[in-house]
Amino acid sequence: MTNQTAKIELPPKIADLFGKSLRYRCCYGGRGSGKTRSFAKMAAVYGYAHGTNNRDGVILCAREHLNSLEDSSFREISGAIQSEPFLAAYYEIGENFIRSYDGRIRFIFAGLRRNVDSIKSKAKVLVAWVDEAENVTENAWQKLLPSVREEGSEIWVTWNPESPDSATHKRWRVNPPDSCETVSVNWQDNPWFPDVLNKERINDQKKRPLIYPHIWEGDFIQQRKGALWTQGLIDKSKVQRGYEGGYTRIVVGIDPAVTSNKDSDETGIIVAARGKNDNFYILEDASGRMSPDQWASKAVDMYHRYEADRIVAEVNNGGDLVQSLLKSIDTHVPFRAVRASRGKLVRAEPVAALYEQGRVFHVGDFTELEKQLVFFNGDNQFSPDRLDALVWAITDLKQSSGQVHWRIS
């Protein structure tokens, strides 16, 4: 390594992890721990140290799913470089690349699900950092690890745990290899935990106590007693591509929040399709905390992007507000308003039955939606807005077949 020194500030637990000689450095925990930002900075530091010691190589930044640079650690790495003058002077950052000015070090961003075989051909991987690693399969681990074979190379793993059955948990926490250390880091371990995130944390602690331990404390997602969906059922629904035979209809389902209050529930926005094979495909989850104008604009954008047939939305709490918001953006958007007079459990049961029949498929990564599915048992302790939007969308698609097996009421 170079003899030059620089002071790098990291959360103490992460600083201790990097203060040891290890091949494998692993860190898990909840939101706000600083683990992703810290590992991004250290990836840039390691690249700098190798490059200034006249060593050529690649810093590989991988995730299970990566469809574009927006899904990668690109922005985190870029921000880390720009935060340190000596790193900013060493690296060149373009729209779709990061490399050292001396040409010795370059960053590669890859998705393991689709590209793990090609990674084996990447020359001179000095560091392989796998972020958001919870869903990385054992097959991917088995292919990736032997590919990182340069002398002194390292493998770093960061994730928020979801299941004790995951390949990542078993490999790095239950039965770790030699020269490996795995640490738990959460919000309270981050000296720079921001006040704005603490307000979010407290809000989740008060209003979403069932999911709070997973989101903020790094605990597993707990399967709730009486939940309509199980993790196994969800796992079986995941696919990489939609139905190649085409779709008969596509709809955008909305469960809207009708206020701009920052503590209001999310707005659920789910794009779903019915295949010509009579199965159902979840294409996108565009949900989030947004103002009414923002979610209306988002829903209309989804309608046009997918060339959907219409938008279907619950209007119990918003009256004509939902339709007027959508029409203010595009007067030609077909819209169906539905009113929920029965409980969420009654509405959701037929959709859960389709999952059990193997007729619903998740095309891509729907982590937040899936968390709501495995928590939902019909009580009112949290608001499953994404799930509600999913139910409205699939129910509308089901009714459109000409054989109405159930009605929204």
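The values are calculated or read from the model by the stated rules, or taken from the named source; none is laboratory data. Quick caveat: nothing in here was measured; it's all calculated off a predicted structure. Reconstructed Cβ throughout: ideal geometry from the backbone, glycine too, with neighbour counts over all protein chains shown. Just so you know, the surface numbers come from the protein's heavy atoms only, side chains and all, with ligands and any DNA or RNA stripped out. Shrake-Rupley method; radii C 1.70, N 1.55, O 1.52, S 1.80 Å.
Somewhere in region 326-337, is a residue open to solvent by 30 Å² or more (accessible area, probe 1.4 Å), over 30 Å from Phe220 (Cα atoms) and of a type in the set (Gly, Ala, Ser)? Among the residues of region 326-337, at least one is open to solvent by 30 Å² or more (accessible area, probe 1.4 Å), over 30 Å from Phe220 (Cα atoms) and of a type in the set (Gly, Ala, Ser), which makes the answer yes. Could you tell me whether Ser21 is modelled with pLDDT under 95 and either at negative phi or surrounded by 17 or more Cβ atoms within 10 Å (Cβ to Cβ) (or both)? Criteria not met by Ser21. Scan region 6-30 residue by residue and report those that are in a loop (DSSP other than H, G, I, E, B), of a type in the set (A, V, I, L, M, F, W, C) and out of contact with any Phe, Trp or Tyr (no Cβ under 6 Å at 6 or more places or on another chain). Across region 6-30, the qualifying residues are Ile8, Leu10, Leu22. Restricting the first member to region 252-272 and to residues that are part of a strand (DSSP E or B), and the second to residues that are aromatic (Phe, Trp, Tyr) and at pLDDT 65 or above, the beta-carbon pairs closer than 6 Å and six or more apart or on different chains are Val252/Tyr303; Gly253/Trp392; Thr267/Trp295; Val271/Tyr306. Would region 188-201 turn up any residue that is surrounded by 16 or more Cβ atoms within 10 Å (Cβ to Cβ) and more than 18 Å from Cys27 (Cβ to Cβ)? Yes, region 188-201 contains a residue that is surrounded by 16 or more Cβ atoms within 10 Å (Cβ to Cβ) and more than 18 Å from Cys27 (Cβ to Cβ).
Taking the conditions exactly as written (assigned to a loop (DSSP other than H, G, I, E, B) and open to solvent by less than 10 Å² (accessible area, probe 1.4 Å)), does Ser33 satisfy them or not? Answer is yes for this residue. In region 229-253, the qualifying residues are those that are of a type in the set (Lys, Arg) and over 25 Å from Val300 (Cα atoms), and the one that is least open to solvent (accessible area, probe 1.4 Å) is Lys238.
Only one entry of Asp301, Asp365 meets the criterion of being in contact with a helix residue (DSSP H, G or I) (Cβ under 8 Å, 6 or more places away or on another chain), open to solvent by 30 Å² or more (accessible area, probe 1.4 Å) and within 18 Å of Gly288 (Cα to Cα), and that entry is Asp365.
Condition test on Ala89, is it on the phi < 0 side of the Ramachandran plot, hydrophobic (A, V, I, L, M, F, W, C) and over 28 Å from the mean Cα position of the chain (by Cα)? For Ala89, the condition - on the phi < 0 side of the Ramachandran plot, hydrophobic (A, V, I, L, M, F, W, C) and over 28 Å from the mean Cα position of the chain (by Cα) - is met.
With the condition kept exactly as written, say whether any residue in region 324-334 is of a type outside the set (A, V, I, L, M, F, W, C), modelled with pLDDT of 85 or more and within 29 Å of the chain's Cα centre (by Cα). For region 324-334, residues of a type outside the set (A, V, I, L, M, F, W, C), modelled with pLDDT of 85 or more and within 29 Å of the chain's Cα centre (by Cα): absent. Among the residues of region 84-98, those identified as out of contact with any helix residue (DSSP H, G or I) (no Cβ under 8 Å at 6 or more places or on another chain) and either closer than 10 Å to Ala44 by Cα or open to solvent by less than 60 Å² (accessible area, probe 1.4 Å) (or both) are Glu92, Gly94, Phe97.
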